[in-house]
Structure formats: structure tokens, C-alpha cells
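A.B. asks: Please see the structure below; I have some questions.
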Amino acid sequence: MNTQQSSSAKLQRLDGSPVRVLVVDDENNLTELLGMALRYEGWEVRTAATGVAAVRAAREFQPDAVALDMMLPDFDGLEVLRRMRGDNPNVPVLFLTAKDAVEDRVAGLTAGGDDYVTKPFSLEEVVARLRALMRRTAVVTDQSDSVLVVGDLSMDEDSHEVSRGGEQINLTATEFELLRYLMRNPKRVLSKAQILDRVWNYDFGGQANVVELYISYLRKKIDAGREPMIHTMRGVGYVLKPAP
């Protein structure tokens, strides 16, 4: 999968952190594929395969939206919705329903569901529906500008121009993707595993030193002769913060 995200994928929480989506379905293949598509948007994803697990995950994860299957092994999606709304009355819910189960769709919307898609569905459709639902809420914002800014560091995601303090910085394609991931998650500690998964899109089999190597390349270009912005959190990962 191409690691470059579409420029339209700009939804984020008001605090700048990634939006959170809970995917509830007992079909593992479906949750894996849908989870992958949502993470590709830059969103944080949690999955659950039962109603009980879904209610618990919603309470702990505090999602900004939920993709919820109507049919679950323990209790149905309507009961999950009722329990989740008891904790978070405003969380938008997209029901996943069987192709010809008209009564499920009607029941879901009547019970307070916000939208539905029928199986089989395209991943793009689910992403678009969830994005539309979250845009209606007050907990996410749509960053339509292609420019990322952290402190005096700026990145134009369309033109691939990067500068710090007005001085142009030339990056390789991989350095650009690494910096983009850091800038999309300012002040958030990212582990080597997260960086490997997002920037290189596969597991290096323990060769996490490739992350250290590219972090060092970035530091030479971003931080050299300036107050450092890229910080190492020993045993945890890396974080990008505005210079004091």
C-alpha cells in the first residue's frame, strides 16, 4: 500500500491528535481490512468482535466514531448502541448491515444510528461515510490546508516543500514521509514500531535501527545549529515538539 495519504485526509481532533474510530464486527478479515484503511487515513483504530468488548472499548478508547455491525455473537448492534450512548450520547455510529436486511437498517436508524452501509461494501465508502459523520460533530476539525506547521517548521504536503525559520530544507522521499508522520503527531511520542508501520509500511523483523538512522538524518537537516525539535524518549520512541 502506498504510504502517501490523500491530501483530503485532514480530519483530526481539536487538540491536533488523530481521530479515533472503533470498528465492531466478528469477521476478523473485515475488521483487519477496514482497520488498515482507516489507519491509512491517519486515524487511530481499535477493533472489537463482541458486544461486550465493544462497550468496554468504547468506554476506554472514547472514539470519535463507531462502525458497528448489527449482528454480533452475544448481543446485537442496537444493544451495543444503547450502552455506548449511555456513556457518550453524541458519538456518531455507522451501522454495517446485511445486504437485504431492510428491517435492520430501519431499526438502526430509529434507535439513533446516524447512517448505515450494506455488506458487501467498499472500504472507500465506509471511510467517506465516517468522515462525513465526524465532520458534523464538534470534536474534530477539517484541516483543508495542505501546509503542516509545528513551531517554526512548516511542510507543504502538496509541493513537498519544507522549511524551518524560513530556510528551505531538502529532504529525500523517506525523510519527508518520516517528518510528515512526526508533524502530524506533534508532542506525541511515537514508538519505533509505529514509525516502521506508518513510514515503511512493513515490519523490519527487529531492525528498528533503520528508524534511528533516519531520525539522525532528519536531525542533521532540521535541528542542526538550531534548538532541537526532535527528541528521543529513552525506551519509548521519538517526539517532535516546537522549540522553546
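Values in this text are rule-based calculations from the coordinates and carry no lab data. Only a predicted model underlies this, so the values are computations on that prediction, with no experimental measurement involved. Here the Cβ is made from the backbone with ideal geometry for all residues, glycine too, and neighbour counts use every protein chain on show.
A.B. asks: Whole-Hz Karplus ³J(HN,Hα) for region 56-66, in order, using 6.51 cos²θ - 1.76 cosθ + 1.60 and θ = phi - 60°, x for Gly and Pro?
C.D. replies: Here the 3J(HN,Hα) series is 5, 5, 4, 5, 7, 7, 6, x, 8, 7, 10 Hz.
A.B. asks: Under the rule of at least 5 residues apart or a separate chain, name every residue whose amide H is placed under 5 Å from the amide H of Glu161.
C.D. replies: The answer is Asp156.
A.B. asks: Multiply the residue gap between Asp76 and Arg13 by 0.36 nm, knock off their C-alpha separation, and tell me the result in nm, one decimal place.
C.D. replies: 19.7 nm
A.B. asks: So, one more: Provide the gained length on full extension for the span Tyr217 to Gln62, in nm with one decimal, where the gain is 0.36 nm per separating residue minus the Cα-Cα distance.
C.D. replies: 52.2 nm
A.B. asks: Also, I was wondering about something else. Would you work out if region 8-91 is rounded, prolate or oblate? Take a ≥ b ≥ c from the square roots of the eigenvalues of the alpha-carbon gyration tensor; rounded if a/c is under 1.5, else prolate when a/b is larger than b/c, oblate otherwise.
C.D. replies: Since a/c reaches 1.5 but b/c is at least a/b, the shape of region 8-91 is classed as oblate.
A.B. asks: To continue, here is another question. All other residues with a Cβ under 11 Å from the Cβ of Thr232 taken together, and with Lys, Arg as +1 and Asp, Glu as -1, what is their net charge?
C.D. replies: +2
A.B. asks: What net charge do the residues around Arg85 carry, taking every other residue with its C-beta under 14 Å from that of Arg85, with Lys and Arg at +1 and Asp and Glu at -1?
C.D. replies: It works out to a net charge of 0.
A.B. asks: Asn88 to Leu33: extension gain in nm, 0.36 nm per residue of separation minus the Cα-Cα distance?
C.D. replies: 17.2 nm
A.B. asks: Ok, one more. What FRET efficiency would be calculated for the residue pair Arg136, Gln194, taking the C-beta separation as r and a Förster radius of 35 Å, to the nearest 0.05?
C.D. replies: The formula returns an efficiency of 0.75 here.
A.B. asks: Next question, about the same structure. Please report the net charge: other residues with Cβ closer than 12 Å to the Cβ of Glu60, K and R +1, D and E -1.
C.D. replies: Taking every other residue near Glu60 into account, the sum is +3.
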